[in-house]
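Working notes, beginning with the structure itself.
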Amino acid sequence: MWPVRRMASTMSASSAALRFDLIAKCSTTRARASVMTLPHGPVNLPLFMPVATQASLKGITPEQLEDTGCRLCLNNTYHLGLKPGQEVLDAVGGAHKLQGWKHNILTDSGGFQMVSLLKLATVTEEGVRFLSPHDGTPMLLTPEHSISLQNSIGSDIIMQLDDVLVTTSPDLARMREAMERSVRWLDRCIAAHKNPHSQNMFCIIQGGLDLDMRRECCREMVARDTPGIAIGGLSGGEAKDDFCRVVAACTEQLPDLKPRYVMGIGYPEDLVVSVALGADMFDCVWPTRTARFGNAITKHGMLNMKREMFAADFGPIEEGCGCACCRPIEEEGAMGITRAFVHHNAAKETVAAHLLTIHNVYYQLNLMREAREAIIEDKYPAFVKEFFARLYPDRQSFPSWAVSALRGVGIDLLET
Ligand SMILES: [Zn+2]
């Protein structure tokens with residue numbers, strides 16, 4: 001059931017384990033600000049979710065992750081299912097307890113990991129067949145098994161198993177098969193889900209770059225009334241123009257009072273544009289992965305901290321950033337962490353990877369916090385223009401895909 005009620009200016013809807021309050025809508029673009037209340041507390045949308053692959057964000061502790069402001073992170077079902085495995089998860093009482101994380105967790109279905117990590121994975125109507133990376137024995141991930149694993153993990157948001165194809169696949173017949181199979185698998189996932197009162201299942205819209213197929217998939221998935229909706233299969237090497245067209249075609253058809261999650265994207269420009277197109281949630285390994293290569297994400301673009309120019313730079317990674325690495329230390333005479341220190345250790349010692357991970361996760365979360373404030377004040381178009389102007393001081397170099405996607409929702413980036 002999905003009762004809708006109207007309060008002063010907020011529109012709300014709730015299911016057994018999720019409450020969605022739509023706080024504000026941009027009067028120009030399709031951007032929205034909302035609160036999604038999950039079993040482990042409320043989270044503000046739009047939101048970036050960092051990916052903690054092995055039930056830990058490589059290099060940082062749960063306390064440090066909490067300190068970035070993160071209240072919803074992503075775990076990989078595939079990795080947790082292999083190690084520690086379902087028995088241990090059941091014994092400990094789920095992933096929250098396993099990793100000492102008291103806030104929310106979202107898990108993927110495991111299907112995408114399999115198809116992308118294991119070259120020998122094949123998809124049949126039954127499920128995804130693959131060879132165990134441990135001992136080579138044949139294994140099968142079915143919709144039922146994925147949901148059973150996610151029930152043992154106890155994540156606040158669980159994802160349906162879907163049939164994922166790279167969007168650039170030229171095989172339209174196979175694309176249609178994958179889209180239709182994903183709908184059939186959603187029905188099997190819903191039937192297998194043991195904890196609908198404490199865990200929220202999101203469906204995943206498929207259909208490649210074919211907008212009619214995406215629209216058809218939206219209709220089928222929306223009819224099944226899951227607590228949230230994901231747009232899947234993107235970030236697979238398609239042109240950014242195509243990516244934006246798919247996101248816009250889907251959000252246009254989705255109900256207002258459910259969270260919308262675009263899977264697998266994380267570049268700051270992609271987030272800012274996708275929010276304008278009406279998306280609320282995002283995840284990507286890129287911010288943490290690039291930290292381990294010595295890169296800092298900043299308002300003015302990426303900084304490669306290995307570059308010699310930082311050897312004697314005693315400023316913070318990013319001036320004005322509120323993360324634990326950049327914020328000034330209040331004790332008199334104390335200095336914060338310097339660029340020189342990060343440079344000295346970058347891509348050599350793990351300490352630099354930890355510091356940059358904290359900074360990059362904070363940057364992403366803060367970008368979405370600022371976007372949210374701008375939407376609430378109904379100043380999102382100005383926020384977007386400022387964001388691009390800082391990132392590309394020369395307006396001639398604005399990415400053309402962003403210019404045209406934003407023009408589609410009423411923002412002219414090139415207007416002076
Ligand atoms: Zn910082």
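The values are calculated or read from the model by the stated rules, or taken from the named source; none is laboratory data. Just so it is clear, the model here is predicted, and its values are computed rather than measured. Here Cβ is always computed from backbone atoms with ideal geometry, including for glycine, and neighbour counts include all displayed protein chains. Heads up: the accessible areas ignore ligands, DNA and RNA and are worked out on the full protein's heavy atoms, side chains in. Shrake-Rupley method; radii C 1.70, N 1.55, O 1.52, S 1.80 Å.
Can you list the strands (runs of 3 or more DSSP E) lying wholly within the range 1-101 that have 3 or more residues being modelled with pLDDT of 85 or more and of a type outside the set (Gly, Ala, Ser)? Don't jump to the end; show me each part of the working.
Values: elements: 4-6, 11-15, 18-25, 32-38, 41-45, 47-52, 72-75.
Filter on the range 1-101 gives 18-25, 32-38, 41-45, 47-52, 72-75.
Note on the range 237-263: residues that are without any contact (Cβ under 8 Å) to a residue 40 or more places away in the chain and part of a loop (DSSP other than H, G, I, E, B) total 2. Checking each residue in the range 353-381 for being crowded, with 20+ Cβ neighbours inside 10 Å, within 13 Å of the ligand (Cβ to nearest atom) and either under 20 Å from Pro328 (Cβ atoms) or at pLDDT below 95 (or both) picks out His354, Leu355, Leu356, Thr357, Ile358, His359, Asn360, Val361, Tyr362, Tyr363, Leu365.
Restricting the range 276-293 to residues that are part of a loop (DSSP other than H, G, I, E, B) and modelled with pLDDT of 95 or more, which is nearest to Phe398 (Cα to Cα)? Ranking the qualifying residues of the range 276-293, first place goes to Leu277.
Do the conditions hold for Ala402, that is, is it outside the structural domain of Pro268 (by TED's automatic domain parsing), under 21 Å from the mean Cα position of the chain (by Cα) and more than 30 Å from Cys325 (Cα to Cα)?
On the way: outside the structural domain of Pro268 (by TED's automatic domain parsing): yes; under 21 Å from the mean Cα position of the chain (by Cα): yes; more than 30 Å from Cys325 (Cα to Cα): yes.
The answer is yes for Ala402.
Within the range 336-352, the set of residues being modelled with pLDDT under 90 and not in a helix (DSSP H, G or I) comprises Gly336, Ala346, Ala347, Lys348, Glu349. Does the range 98-120 hold any residues that are open to solvent by 50 Å² or more (accessible area, probe 1.4 Å) and among the small types (Gly, Ala, Ser), and which are they? Of everything in the range 98-120, those that are open to solvent by 50 Å² or more (accessible area, probe 1.4 Å) and among the small types (Gly, Ala, Ser) turn out to be Gly100, Ser116.
Looking only at residues in the range 112-133 that are hydroxyl-bearing (Ser, Thr, Tyr) and outside any helix (DSSP H, G or I), the one that is modelled with the lowest pLDDT is Ser132.
Looking only at residues in the range 278-295 that are within 15 Å of Phe48 (Cβ to Cβ) and open to solvent by 30 Å² or more (accessible area, probe 1.4 Å), which one is farthest from the ligand (Cβ to nearest atom)? Walk me through how you get there before you give the answer.
Of the residues in the range 278-295, the ones within 15 Å of Phe48 (Cβ to Cβ) are 279-291.
Of the ones still in play, those that are also open to solvent by 30 Å² or more (accessible area, probe 1.4 Å) are 285-286, 289.
On the way: Val285: 19, Trp286: 17, Arg289: 17 Å.
Among those residues, the one meeting the criterion is Val285.
When you check Val384 against the structure, is it at pLDDT 95 or above, crowded, with 23+ Cβ neighbours inside 10 Å and either over 27 Å from Leu271 (Cα atoms) or away from the ligand (no atom under 11 Å from the Cβ) (or both), yes or no? If you could, list the steps in order and put the result at the bottom.
Numbers: at pLDDT 95 or above: yes; crowded, with 23+ Cβ neighbours inside 10 Å: yes; either over 27 Å from Leu271 (Cα atoms) or away from the ligand (no atom under 11 Å from the Cβ) (or both): yes.
It is true that Val384 is at pLDDT 95 or above, crowded, with 23+ Cβ neighbours inside 10 Å and either over 27 Å from Leu271 (Cα atoms) or away from the ligand (no atom under 11 Å from the Cβ) (or both).
Meeting the requirement of 2 or more residues that are in contact with a Leu (Cβ under 8 Å, 6 or more places away or on another chain) and open to solvent by 10 Å² or more (accessible area, probe 1.4 Å), the strands (runs of 3 or more DSSP E) wholly within the range 134-227 are 138-141.
The set of residues from the range 388-398 being under 22 Å from the mean Cα position of the chain (by Cα) and either exposed (fewer than 15 other Cβ atoms within 10 Å of the Cβ) or within 22 Å of Asp242 (Cα to Cα) (or both) comprises just one member, Phe388.
Of all residues being outside any loop (DSSP other than H, G, I, E, B) and within 13 Å of the ligand (Cβ to nearest atom) in the range 296-335, which is most open to solvent (accessible area, probe 1.4 Å)? Just the residue, please.
Kept after step one, since they are outside any loop (DSSP other than H, G, I, E, B), are these residues of the range 296-335: 296-298, 301-304, 308-310.
With within 13 Å of the ligand (Cβ to nearest atom) added as a condition, the list becomes 296-298, 303.
Working: Ala296: 0, Ile297: 4, Thr298: 9, Leu303: 38 Å².
Ranking the qualifying residues of the range 296-335, first place goes to Leu303.
Entry remark, the range 72-97: residues being within 27 Å of Met368 (Cβ to Cβ) and either aliphatic (A, V, I, L, M) or loosely packed, with under 13 Cβ neighbours inside 10 Å (or both) number 4 in total.
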